[in-house]
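A quick write-up on the structure given underneath.
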Amino acid sequence: MGLNSFARTLARQMDYFSRSPQDSIRSVQGEISQVKDVMVQNIERVLERNDRIEILIDKSNSLNNAAFAFRKRSTALKRKYWWRNQKLVALVVFAIVVFVYLLAASACGFPTLSKCRN
């Protein structure tokens, strides 16, 4: 009885210690696998984020270039209309001067203005 019970206890202990490291190794390997999967997902997210950031940078550069071109075109258009306005003002002033001259000339005798000289 003593030897038989010792043999059973020894067999149980051997079985426990021979399986236990395998179970702990398997559980550690499972945890490592899970951590590896999480890290792969994180790396994929970082790469996707990097792609989105690059797209955003490209779009902002494009928008900046478009804004610069718009500013140049708007400045050129502003100058064009300023000159057009100045020409129109000069034409109106010239027309008023001619009208006043013709009005004065018709009152003073047109070609020579002889009535107004005396």
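So the values come out like this:
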quantity: Of every Cα-Cα pair in the chain, the percent that sits beyond 23 Å; calculated: 76 percent
quantity: With every protein chain in place, the chain: carbon and sulfur % of accessible area (1.4 Å); calculated: 64 percent
quantity: Rg(Cα)/(2.2 N^0.38 Å) for the stretch 26-75, N = residue count; calculated: 2.21
quantity: The chain: most fluctuating residue of S27, S106, S74 per GNM, C-alpha cutoff 10 Å; calculated: S106
quantity: Per residue accessible area in Å² of the chain, where ligands, DNA and RNA are left out and the probe is 1.4 Å; calculated: 94 Å²
quantity: Accessible area of K36 in the full protein assembly, 1.4 Å probe (Å², nearest 10); calculated: 130 Å²
quantity: Within straight-line cross-link reach of K78, lysines at Cα separation under 20 Å, skipping those fewer than 8 residues along the same chain; calculated: K87
quantity: Cα gyration tensor of the stretch 50-90 - equivalent ellipsoid semi-axes, whole Å, descending; calculated: 39, 4, 4
quantity: Highest-MSF residue in the chain out of I25, I43, I53 [GNM, Cα springs under 10 Å]; calculated: I25
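The values are calculated or read from the model by the stated rules, or taken from the named source; none is laboratory data. In this text the structure is predicted, and so the values were computed from the model without any measurement. Surface accessibility is based on the protein's heavy atoms, side chains included, excluding ligands, DNA and RNA. Shrake-Rupley method; radii C 1.70, N 1.55, O 1.52, S 1.80 Å.
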